[in-house]
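To start, the structure itself, in structure tokens.
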């Protein structure tokens, strides 16, 4: 209950402040963006604390000078990210390893990527992440601190987490507009991705649906492209406010947080992964010239070949743009 009340207060305060600031913005483009994204199953407000239980990511983005791009490119954005993900079994207090249905695991990384937006509203993203899994990822320390801050239960069982290993992962993503209504209030796009590395390897594809006050894919907060640098293409709307949904199918080749470290496979508790995982994301996004606030929920089918259940979690993201 204390956690639920804390999160509700934070959301109300952040939303009020961002909306109030948004109404005072002038019509101006900004070329830098800084903010964070937080994943947690507590954001669904029904008491679970399992599997992918927490993720925190800090982002900085910079838009390149659009006058220096090729004739087919609308925008190029460089992105730098630092983040951590934490995983535990069906509960974070499970000292008996025989009852684990997923390993305790942490993933700590830093990464960079480039996002290329074409004038025909297709997007190519290429990225590299470097970091670690295992005790060096500080998953146990972060979860203990989080639980102390919000007055949650004592965690137990991290001594059975996966072993240390260097993490190196390459990512690629492609997005393409399929159609948009004449009113510019509804559109459909296709999204696909592929990962290869020592932590995550796999691929997936989905359909993105947006409805409301939306901008082009190269000007939208959804694609993290609300920043511009000498843009000559006007946005469809000054402030975005829309609902989005994205059903997706994922093919999982390797997941170190489930199967253990790739080259150090003596982790005490590991499982095989489900090769096919279905996911459904639903969310709302508000974006002014200065601010973005996004809330979404993600529902996944079973990911682990164990007694583990299907999983759900929520995401809150906030970004601030500046020159």
task = State yes or no: is residue 200 touching a residue at least 12 places away in the same chain (Cβ under 8 Å) and within 24 Å of residue 35 (Cα to Cα)?
result = no
query = With respect to the numbered conditions (1) over 26 Å from residue 37 (Cα atoms); (2) in contact (Cβ under 8 Å) with a residue 60 or more places away in the chain, which one is the sole condition not fulfilled by residue 275?
reply = (2)
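Just so you know, all these numbers are worked out from the coordinates, no wet-lab data involved. Model, not experiment: these values are computed from the prediction. Don't worry about glycine lacking a Cβ; one is built from the backbone with ideal geometry, like all the others, and counts go over all protein chains shown.
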